[in-house]
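J.: To start, I am sharing the structure in question, which I have written as structure tokens.
We did not get these values from a lab; they are worked out from the coordinates using the rules stated. Predicted model, so just to flag it, every value in this text is computed and none were measured. Cβ coordinates were reconstructed from backbone atoms using ideal geometry, including for glycine residues, and neighbour counts include every protein chain displayed.
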Amino acid sequence: MRHKRRVLVVGGGIAGMATTLMLRRAGHTVRLIDLDPGWRVYGAGITITGPTLRAMKQLGIYDEVAAQAYIGHGIRVCDIHGRFLHEVPTPISPTAGVEGCGGIMRPALHKILSAQVLASGAEVGLGLTVEAVKDLEQGAQVSFSDGTEADFDLVVGADGLYSRVRSLLFPEAEKPRYMGQYVWRTVAPRPPGLNQRHFFLGGPHKVGLTPVSADSMYMFLLETCEGRDHVKDVDLAPTLSNLLQSYGGPLQAIREGLSQESAVIVRPLEAFRLPQPWSRGHVQLIGDAAHPTTPQLASGAGLAIEDALVLAAELDVADSVPEALHNFMRRRHERCQLVVESSFEIGDKERSGASSAEQTAILARSLSALAEEI
């Protein structure tokens, strides 16, 4: 390592924790802050691609993930009655040493990462955010919400779709916008024999299943609509049940099992495009703060971890932070844009009612490209 640097990482999600781990292992001093005083994680399960598993292996968490999650190969595409149509391959280089896809509960992944962050020696500050960032000749001066100030060699904005750091860095940037779909999520018992990811296409909604453990699976449903009023908690399960009314196969069992005790989450899909560069001075945006995407390629977590890997590698060889950030941008922009644009394209196909073959062709092409080494 050329220089030992003092780094502030803003945001304690996947991107922020992965960056903290990589920079601590490289010998940098890292302060990680998160706005939530409880450092909680929200959501159900997440789907993992082969490239994401490869990134997790490079991060050093693959064995823990594999022990707690589902890993396998291929996506089984079915009609709304659960009848098999075709399979989408999930390619990954044989040298990667990982499976082609997987799934894990988001809280389980958070627990794995946060435990390693705390063990890394990083300073973790919760209930804290950034109020201002002033660029200096050799770094950045940060004012915090608790009234304190500190100087850093590098500030990493890993604070998600509604990034506070991005708003300070690029106040003129486009704001997140509704992408025409709501995503419904829940977790259900995993029946014997369901050992692959599944898509159910050709109906009013795109529905998917991903095993997330030995006995659980995660379901998502993408609802195309102009908008939706807030759904009260008491109405979540009945509304999802109604959306699943015409679906059979394993989805029928999920629908029949929905009750007021079921954990159902609904969120609008929101995203935007941020032109490059994703940095200014000694401040770098990563993850959803820089390249937010809709979930059609299930690659958001993978891109976030890859960002951390590449940023740490470039800091290790560059003579200066601006040089490292320039090289980071050169390596990351095209790959991240592939995910963003392909996800938007699949979303367009879903909303227009395109055939399952049209939708999955984009998916297969994109997964093949992402299988290549970063």
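J.: Taking only segment 146-164 into account, find how many residues are within 24 Å of the chain's Cα centre (by Cα) and surrounded by fewer than 19 Cβ atoms within 10 Å (Cβ to Cβ).
T.: Of the residues in that region, 2 qualify.
J.: Starting from residues that are touching a strand residue (DSSP E or B) at 6+ places or on another chain (Cβ under 8 Å) and under 30 Å from Gln276 (Cα atoms), keep the ones in segment 171-205 and report whichever is surrounded by the most Cβ atoms within 10 Å (Cβ to Cβ).
T.: Gln181
J.: Does at least one position in segment 43-64 carry a residue that is free of Cβ contacts under 8 Å to residues at least 12 places away in the same chain and more than 20 Å from His198 (Cα to Cα)?
T.: There is at least one residue in segment 43-64 that is free of Cβ contacts under 8 Å to residues at least 12 places away in the same chain and more than 20 Å from His198 (Cα to Cα).
J.: Give me a count of the residues in segment 84-121 that are in contact with a helix residue (DSSP H, G or I) (Cβ under 8 Å, 6 or more places away or on another chain), of a type in the set (S, T, N, Q) and over 13 Å from Glu64 (Cβ atoms).
T.: The number of residues fulfilling the criteria is 3.
J.: So Gly248 ticks every box in (1) over 29 Å from Gly11 (Cα atoms); (2) without any contact (Cβ under 8 Å) to a residue 60 or more places away in the chain; (3) assigned to a loop (DSSP other than H, G, I, E, B) but one. Which box is left unticked?
T.: The single condition Gly248 does not satisfy is (2).
To keep it simple, each residue is scored yes or no on (1) more than 16 Å from Ala290 (Cα to Cα); (2) among the hydroxyl-bearing types (Ser, Thr, Tyr).
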| site | (1), (2) |
| --- | --- |
| Asp316 | yes, no |
| Arg332 | no, no |
| Arg335 | no, no |
| Asp348 | yes, no |
| Ser352 | yes, yes |
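J.: Related question: Picking from Ser143, Ser167, which residue would you name as being free of Cβ contacts under 8 Å to residues at least 40 places away in the same chain, surrounded by 14 or more Cβ atoms within 10 Å (Cβ to Cβ) and not in a strand (DSSP E or B)?
T.: When all the criteria are applied, what remains is Ser167.
J.: Looking at Ile33 and the list (1) touching a residue at least 24 places away in the same chain (Cβ under 8 Å); (2) under 23 Å from Ala108 (Cα atoms); (3) not in a strand (DSSP E or B), which single condition is not satisfied?
T.: All conditions pass for Ile33, except number (3).
J.: I've got another one for you. Name every residue in segment 317-346 that is in contact with a strand residue (DSSP E or B) (Cβ under 6 Å, 6 or more places away or on another chain) and small (Gly, Ala, Ser), in order of residue number.
T.: If the condition is that a residue be in contact with a strand residue (DSSP E or B) (Cβ under 6 Å, 6 or more places away or on another chain) and small (Gly, Ala, Ser), then no residue fits.
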